[in-house]
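Taken together, the values in this text are just the output of simple stated rules run on the coordinates, not laboratory data. Keep in mind that this is a model prediction, so the values were computed, not measured. Note that each Cβ is placed from the backbone with ideal geometry, even for glycine, and that neighbours are counted across all protein chains shown.
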Amino acid sequence: MENLLNLIPDDTDRTDGILKVTGGATYSAEYKIEGLTYGVLVQSTIAKGKITVLETKKAEGAPGVIKVLSHLNLNNSVPRYAKDDNVTIDRNIQKVFYNDQVYFAGQPIALVIADTYERAVYAASLIKANYQEEKHHTYLEKNLENSISPEGKDYLRNEKDAYKNSEVYLEAEYHQLNNIHNPMELGSITANWESDEKLTVYDKTQGVFGSQKHYAGLYGMDSKNVRVIAPFVGGAFGMALHTWPYQDAAVIGAKITKLPLKLMLTRMQMFTMVGYRPETKQFIGIGASKDGVLNGITHNAWGVTSTYDNFTEGTVGGTQFMYKCPNVNTQYKLVKLDVSNPIWMRGPGEATGMFALECAMDELAFKLNMDPIAFRLKNYATVHPVNNLPWSSKFLDECYELGAKKIGWYNRNPKPKSMTEDGMLVGYGMASGVFNAGRGAATARVILDENGKLTIQSAITDIGPGTGVMMKSVAMDSFKMDAIQIIVELGDTNLPPAPTQGGSNTTSSVGSAVYDACTALKEKMVEVYNQSFGEQKVYDDFKFNKEGFNIKGKSFSYVDLLKKAGLKELEVTRESRSGTERQKYVFNSFSVHFTKVHVHPLTGMVKVKEVVCALDAGKIISEKQARSQMIGGVVGGIGMALTEEGVYDHRYGVYTNNNFADYHVPVHADIPPIDVLFVNKPDPYINPIGAKGLGEVSIIGLAPSIANAIFHATGKRVRDLPITLDKIAIWRD
Amino acid sequence: MSNQKHPENLEQDFTCSSRRGFLKATTALTAIALSPTLITKAAINHRDEKLAAFFEKIPLNIEVNGKSYKMETEPRETLLDFVRERLQLTGTKKGCDHGQCGACTVHVDGKRVNSCLTLAVMQEGKKITTIEGIGSGEKLHPMQASFLKHDGFQCGYCTPGQIMSAIACINEGHANSPSEIREFMSGNICRCGAYPNIVDAIVEVKNGGQKG
Amino acid sequence: MINFDYIRMQSVKSTVKALAKFTDAKMIAGGSNLIDLMKRNVTAPTKLIDINLLPLKYIEQSKEGLRIGALALNSQAADHEIVKNKFPLLAMAINAGASPQLRNMASFGGNMMQRTRCTYFYDTSMPCNKREPNSGCGALNGINRMHAIFGANDNCIAVNPSDMNVALIALDAQVVLLNAKKERKMAFADFHKLAEDTPNLDNHLQSNEMIVEILIPENNFSKNSYYVKVRDRNSYAFALVSVAAGLELEGKTIKNARLAMGGVAHKPWRLYDAENYLQGKEINTETFKEAAKIAMKGAKGYGHNDFKLDLAPASILEALMKAAHLS
């Protein structure tokens, strides 16, 4: 295998592709460190109460056990924990083994550290806990009266509940249970204290600096003494946006034993230890005139959070500006339950909210006897209805047209339950999606070496979208270089600062930093050239090409330039960030999903037969990977629509399906061919590369497009996700 | 495949002194390996961990990626943990540890299996192939090259399992159409959702007449 | 997992002797269910007897029918020419189960011994009479969407999760069991049991016995067989309801019918009354609907699984229509 690692990927291939197809990519539990120990967590089996007895003696005496850590012996060994009486740090990170309280079923209550994995697992099974149980609450529907308004006030534009005064209106409730991120890589960490003051962490994280700050904070250390390394992250979808108690347990355990420690969660633990998309109940009231002009929308949502944090997401935000509508009011409430803390999951909030809004739009269009696209175009917003600013760019209308044409939208018979094919009921559905197009501060370093190789560095992580190939593509474009000349380094706190990967921000932020750094490097070359040759050329005289550059007919290679200047390498570092454009425009990416489903006429089993997504995400930087990322969002959306739900037994407050056999993420057989169509027009204002980001809009709108397609196929509206066949109840006519 | 019928003609006799669990029984039973828990327990009681460790382990002769290993294993060690933790072949991934995701797929004597649900000790004398063992010399295996070309992965974590499964899928004769591929690759979950690209990658290798 | 004793056997005879001697020992073949259960601490045998070297991997035709060794792999059977041509129902059912990797591991005997997927059985913090007698049934008033609608009682409403078993019971298979002293043969239909007062026992295999062979008699269903599996995703999921249907036709008349369901009872569920009704009838939708109705006699829902009372007859209809090539 070693020989394979020297292969160079093609221009459009991922920079880390060779490593990933050969097994050479090392994730955070795969670093070989001398004397490595293994950590296994023990969890609470009740949802709320107090640990009265924690029997650890047997485990401590089991072969190979080095230490059993729990609230009984953590004492005040973690300065940050001892600093205050809060059970969390930074509001949302629960302190591990902090006290005898149990806040949810599946909470870590002890860590066993042993010399082999098998011994740690066995010893963990010997730990027994007794509890003084308290009455727990895990059922959203039964605790609505205890909700709180986290944002203080509700949103109101003009008249409240104006939908009721419309010629045609609709009121509907929507609901979905927890979705769990479940990246394929389990939560994993390897913590290695090289000395009492120096820590290296191989971490599953979407942002190495967030982790670094947190771990340094635990012991009041200078951040520079904590290095966090994460060049490969085996998926995350939001669950690694901040650190979790399991990571603290590993860092603390390694500190106490003075031995390197590896801890990998089990799949079961992934359900309660690293967040989830929270169960949400929604109400939509929506009304329009008979000719389809929206008059009013009311959108209320109740989302679940833990007792120890007010987790919020943008569930109702999209409704405020998606359509031109004079009267809109939204309300977002939290219901605090005895469950672990949620965290943003792909298309956070918006995916949930747009499920309700886009289903309601379809339902209202049907009531109005209008085509769903025509209805949307009739209420198309060209000025942002909340702040009255123009969009920096908005080609949502083109998305409708592109997608409709591709899937043959207008060839369908719009009447529900009117189409069949191969003995199956056929349905077509569509829905739109929107997400903020952000841009954070990011820094990139580019280094040209004496061999003409360009190294691009940024601390950004790549959880799967192909951040490395995006950085490579920006540099290739800037220098007109081949991929063979470019090396990308990322995912390490020793590299230049970058934001946490998430919120569809990475290309806009880091891509821009790479672009700016490349430009700066070219400017520096001009400087070096002028110094070396005693000339006064200006930037525009330089035409960059594969080998180097051309000045008024004379060619120079990068190698020659550095040789002439007597330099080993040329390096620039640039920070790049947004500016005043953010006050003048609103920045959004848009998507439209079209789906075709088959529903079995007897059993109601659903099979998605075709998906077409059309997308306005500004300029597409690395098209192959952008397409893959869109497909990925669609697959996630199919899971959200049809199969995924975290099911509690509320009597005990525990999950009943916390594994991959019972929590159904889509498999190969669930996924049809997926077409991705890019409008691919650069946004003129967002950043120097014109890219808006697409990780979130890939999933937002997908679930409602399927719900709408199932309605078209069967005449049945299912407003409760996932749409399993028992909810369709095709046999009930 | 064996054509032998039961019950075979066996002359082995059976005696057992259970003082050491299976230990004494072994010779008479024509059994090949053993691990005496009682002795282990005694050792543990005396806090003699070295002795305990000695008795907990069983010799294991195994070939992995063409290389023979003579090692010892605790019976409870899975093949997955054996290749990852003992041989440092970390290309084989742990995604669920319960046979529900396929990330740990390896070939045992040419057949794809979930290495998390089989014990290392059960592989005595067998040939194991992991993702690290399929490229030859300086060339990627055609399936690896096709995954790269078709962008059949994102985070890369399920990828080794997908590739090992894909190679077997073609070899088994279950890659004759995209829909057959989808069905016979359904034991490999990809949460990033690279499925359509993976199917494209397999179709290309299959059409190229490639064999594992 | 505790560090159990491990022994690898070479002969059937020695294996049954070992079983007689070590009552706390469990046999391991593919391991795909047993190791899963051991990892979850649902079961913790202190001794494992590895039987993979025993010469029971055969699949062969005999005068009595198809003989399948207990260690034959599920994938081996599903891809076997004789099975595909003469017993397609078995091939379809096997391929509907688990994943290709697991079918490469799972043996026939092991699949027969596969334990329920009930979440309360798997979660050791929950009550479960099957795992821990007299601890109660968590599913009865709990999350029971996957659970039984036939033959259950308040002790246990778990279902047998196997697809293979559904085909085998429909095909009138027989099982050969062996202990140190004697061999016995029983109808496959008698192998598994209902929960009754002993939900901890899934079947009638004695602790000193092993399964050595499955025998499937010749039949005339190969042209008109179908296996329907209804589940929450299109592959790699346990059945909500599954139906194995085999018809022997003379023109449009049903000479003989076989019908069984999975995912509905503690054992694979043969639908004898519906079969009897079908015999001599003409193939058409109305006949099949009536058969489905008859099949549902005595069915009972427990809340979340009430939908199975509608889904099951719909699935029977689908299986019969497909078997008769009417849809």
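Brief remarks follow.
- Ranking of A:W344, A:W731 by count of other Cβ atoms within 10 Å, fewest first: A:W731, A:W344
- Too-long pairs where the Cα-Cα distance tops 27 Å, listed order kept, from A:K32/B:K93; A:K727/C:K293; C:K255/C:K322; A:K135/A:K204: A:K135/A:K204
- Put simply, the C-alpha atoms of the range A:561-671 give a gyration tensor, and the ellipsoid matching it has half-axes of 45, 21, 19 Å, longest first.
- Peptide C:306-319 has a mean of 4 when you count, residue by residue, the C-beta atoms of other protein chains within 10 Å of its C-beta.
- Amide H contacts of A:Y174 (H built 1.01 Å from N, under 5 Å, at least 5 apart or other chain): A:Q282, A:F283, A:I284
- This model, with +1 at the C-beta of Lys and Arg and -1 at the C-beta of Asp and Glu, gives chain A a dipole about its Cα centre of some 500 debye.
- Tilt relative to chain C, helix C:12-21 - C-alpha long axis, 0 to 90 degrees, to 10: 70 degrees
- Checking the cross-link pairs A:K58/A:K262; C:K252/C:K289; A:K524/A:K568; A:K453/A:K522 against a 18 Å limit on the alpha carbon distance flags A:K58/A:K262 as lying beyond it.
- The Cα-based radius of gyration and maximum Cα-Cα distance (Dmax) for the range C:5-52 are 10.7, 32 Å.
- Taking other C-beta atoms within 10 Å as the exposure proxy, A:S340, A:S591, A:S418 rank A:S418, A:S340, A:S591 from fewest upward.
- Low-density loop positions, GluC sites (Glu not before Pro), the range B:77-179 - DSSP coil, at most 14 other Cβ in 10 Å: B:E138
- Set of aspartates and glutamates near C:K223 by C-alpha distance (under 19 Å), chain-local residues within fewer than 8 positions excluded: C:D79, C:E81, C:D172, C:E248, C:E250, C:E275, C:E282, C:E318
- Ranking A:I46, A:A62, A:Y81 by Cα position along the charge dipole of the range A:1-117, where only Lys, Arg, Asp and Glu carry charges on their C-beta atoms, puts A:I46 farthest toward the positive end.
- In terms of packing, defined here as the mean over residues of other Cβ atoms within 10 angstrom, the peptides A:554-562, A:641-649 line up highest first as A:641-649, A:554-562.
- The charge dipole of the range C:43-123, taken about its Cα centre with unit charges on the Cβ atoms of Lys, Arg (+1), Asp and Glu (-1) only, comes to about 80 debye.
- Estimated purely from DSSP H runs of n ≥ 4, each contributing -39500 (n - 2.57), the mean residue ellipticity at 222 nm for chain A is -7000 deg cm²/dmol once divided by its residues.
- Annotation: aspartates and glutamates with alpha-carbon distance below 16 angstrom to B:K70 (same-chain offsets under eight excluded): B:E85, B:E124.
- In this structure the amide hydrogen of A:A110, modeled in the peptide plane, comes within under 5 Å of the amide hydrogens of A:V42, none closer than 5 places in sequence on its chain.
- The value given for the protein assembly as shown is a Kirkwood hydrodynamic radius of 32.1 Å, derived from the mean inverse Cα-Cα separation.
- Note, ³J(HN,Hα) from phi for the range B:172-187, Karplus 6.51, -1.76, 1.60, rounded to Hz, x at Gly and Pro: 6, x, 10, 10, 8, 7, x, 6, 5, 4, 4, 5, 8, 10, 6, x
- Per-residue mean of C-beta atoms belonging to partner chains within 10 Å, peptide C:225-234: 6
- Between the Cα long axis of helix C:308-323 and the first principal axis of chain C there is an angle of about 70°, rounded to the nearest 10.
- Mean projected area in nm² (Cα convex hull; one quarter of hull surface) for the range B:66-180: 7.8 nm²
- Residue exposure sequence - A:S211, C:S162, A:S223, C:S14 - by fewest surrounding Cβ within 10 Å: A:S223, C:S14, A:S211, C:S162
- Dipole-positive endmost among A:I686, A:V647, A:A216 within chain A (Cβ charges, Cα centre): A:I686
- Contact order normalised by residue count of chain A, Cα under 8 Å, 6+ apart, percent: 16 percent
- Average Cα contact separation per residue, the range A:618-733, under 8 Å, 6 or more apart, as relative contact order %: 39 percent
- The dipole here belongs to the protein assembly as shown: it is taken about the Cα centre, uses +1 on the Cβ of Lys and Arg and -1 on the Cβ of Asp and Glu, and is about 1020 debye.
- In the calculated pair-distance distribution of the range A:514-599, the portion above 22 angstrom amounts to 47 percent of the Cα-Cα pairs.
- Counting Cβ atoms of other protein chains within 10 Å of each residue's Cβ and taking the mean over peptide A:120-133 gives 1.
- Ordering A:L259, A:L156, A:V592 by Cα displacement along the dipole of chain A toward the positive end leaves A:L156 in first place; charges were set at the Cβ atoms of Lys, Arg (+1) and Asp, Glu (-1).
- Counted by Cβ distance under 14 Å from A:V572, the other residues give a net charge of -3, where Lys and Arg count +1 and Asp and Glu count -1.
- For A:G440, the amide hydrogen comes within under 5 Å of the amide hydrogens of A:S509, counting only partners 5 or more places away or on other chains and with H modelled in the peptide plane.
- The count of lysine pairs in the range C:4-159 that are at least 8 places apart or cross chains, and whose C-alpha atoms lie under 17 Å apart, stands at 10.
- Helix C:285-295 and the long axis of chain C differ in direction by around 40°, with both axes built from C-alpha atoms.
- For the pair A:V87 and A:D11, the difference between a 0.36 nm per residue extended length and the Cα-Cα distance amounts to 22.4 nm.
- Packing around the peptides C:205-217, A:155-167, taken as the average count of other Cβ atoms within 10 Å per residue, puts them in this order, highest first: C:205-217, A:155-167.
- Within a straight-line Cα-Cα reach of under 17 Å, A:K83 can be paired with the following lysines, leaving aside sequence neighbours fewer than 8 residues apart in one chain: A:K95, A:K213.
- Estimated [θ] at 222 nm from DSSP helical runs (n ≥ 4, -39500 (n - 2.57)) normalised by residues in chain C, nearest 500: -7500 deg cm²/dmol
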